[in-house]
Amino acid sequence: KGVLPGTPAAGGPGPVIRPCPGRIRYFKI
Amino acid sequence: VPHGPMPAYREPACDDPETEQAALAAVDYINKHLLRGYKHTLNQIDSIRVWPRRPTGEVYEVEIDTLETTCHVRDPTPLANCSVRQMKEHAVEGDCDFHVLKQDGQLSVLSAKCDSSPDSAEDVHRVCPNCPLLAPLNDSRVVHAVEVALAASNAQSNGSYLQLVEISRAQFAPLQAAAVYVEFAVAATDCVAKDVTDPATCNLLAEKQYGFCRGTVTEKVDGAEDVTVTCNLFQTQPVTPQPQPEAPTPVAEADALGLAPVVQPEPEPLEMI
């Protein structure tokens, strides 16, 4: 099925949001 | 009614403000209950689950990583003003599991378990090949260096005689085999430093006054020792009773970070060492 240009297809590649673990504030050891 | 099994818990993102709020409550708890060493600060939230609690409230099951700061636990400096111990200084991290209750908008710790561990020697030397590593606090050279540094401080002091509370940190200088760097906590006594002949007769002040010293003791070729030491006394803090954890079934867990068990009857904070 067609999609508008610039519109990500459903289920297609997009930014992956990782809910956890969270950001590192200083450095990881 | 949704079909299928519903999870009993919810999982907000680790960087979600409500997760961070629970994590910061955990860090605050760590620093109020540490028995020795240095304050810790939040580095990363590893995982979060939020369980409903009957009859009301929610329990945050949160796992966090912390990093040691340069502020001693008795230092009244706010955590926000404390520097994180850098990797070249041999950083120490904490790994903690907490249960934090949120009820009526208030957060309280139900259980806490923390382990701490220093960074690996390989990591330290990767960023700083000649930097000294942490030394065991019970090493005879460390204990000797602390005794010599404290004696030198008392000998030069016009104030109270300072008594050793704890050895907090030590490093052997790698390029000067005979140099030992030490950090240690002290407390003021009722003796005047210059007048002391028998330290055993000195008593800690009723209103405890703690301090912190940094010193380096270097053995010279002729066997004599060079000593440099600076000690600072902390401002005394008003003693405020600590809230008891609200634990219907509290968990007492041994830990390596030095936290007081949560089920222990809570003494005044200044008496917990």
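Look at (1) buried (at least 21 other Cβ atoms within 10 Å of the Cβ); (2) free of Cβ contacts under 8 Å to residues at least 12 places away in the same chain; (3) not polar (S, T, N, Q) and you find that B:Ile48 fails only one, number (2). When the stretch B:126-162 is filtered for residues that are assigned to a helix (DSSP H, G or I), touching a residue at least 24 places away in the same chain (Cβ under 8 Å), in contact with a helix residue (DSSP H, G or I) (Cβ under 9 Å, 6 or more places away or on another chain) and within 30 Å of A:Lys28 (Cβ to Cβ), only B:Val127 remains. Restricting B:Ala185, B:Ala173 to residues that are of a type in the set (Gly, Ala, Ser), surrounded by 14 or more Cβ atoms within 10 Å (Cβ to Cβ) and in contact with a Lys or Arg (Cβ under 8 Å, 6 or more places away or on another chain) narrows the list to B:Ala185. If you check B:Pro129, B:Pro174, B:Pro136 for being touching a Pro at 6+ places or on another chain (Cβ under 7 Å) and either farther than 26 Å from B:Asn31 by Cα or not aliphatic (A, V, I, L, M) (or both), only one passes: B:Pro174. In the stretch B:21-42 there is no residue that is free of Cβ contacts under 8 Å to residues at least 60 places away in the same chain, more than 20 Å from the chain's Cα centre (by Cα) and buried (at least 19 other Cβ atoms within 10 Å of the Cβ). Screening B:Cys14 with (1) surrounded by fewer than 21 Cβ atoms within 10 Å (Cβ to Cβ); (2) over 30 Å from B:Ala185 (Cα atoms); (3) touching a strand residue (DSSP E or B) at 6+ places or on another chain (Cβ under 8 Å) gives one miss only, at (1). Checking every residue in the stretch B:85-105 against the condition of being assigned to a loop (DSSP other than H, G, I, E, B), more than 14 Å from chain A (Cβ to nearest Cβ) and either free of Cβ contacts under 8 Å to residues at least 24 places away in the same chain or charged (D, E, K, R) (or both) gives at least one match.
Only one entry in B:Ala26, B:Ala22 is of a type in the set (Gly, Ala, Ser), away from chain A (no Cβ under 13 Å) and either outside any strand (DSSP E or B) or in contact with a Cys (Cβ under 8 Å, 6 or more places away or on another chain) (or both), namely B:Ala26. The set of residues in the stretch B:150-160 being over 25 Å from B:Leu134 (Cα atoms) and either polar (S, T, N, Q) or buried (at least 21 other Cβ atoms within 10 Å of the Cβ) (or both) consists of B:Asn154, B:Gln156, B:Ser157, B:Asn158, B:Ser160.
Just for the stretch B:114-138: of the residues that are within 12 Å of another protein chain (Cβ to nearest Cβ) and of a type outside the set (A, V, I, L, M, F, W, C), which one is surrounded by the fewest Cβ atoms within 10 Å (Cβ to Cβ)? The residue in question is B:Glu122.
Let's see how each residue does on (1) at pLDDT below 95; (2) farther than 30 Å from B:Thr236 by Cα; (3) within 14 Å of chain A (Cβ to nearest Cβ):
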{"residue": "B:Arg54", "(1), (2), (3)": "yes, yes, no"}
{"residue": "B:Gly57", "(1), (2), (3)": "no, yes, no"}
{"residue": "B:Thr66", "(1), (2), (3)": "no, no, yes"}
{"residue": "B:Thr69", "(1), (2), (3)": "no, no, yes"}
{"residue": "B:His72", "(1), (2), (3)": "no, no, no"}
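The values are calculated or read from the model by the stated rules, or taken from the named source; none is laboratory data. As the structure is a computational prediction, the values presented were derived from the model and not from experiment. Quick reminder, even Gly has a Cβ in these numbers, built from the backbone with ideal geometry, and neighbours come from all protein chains shown.
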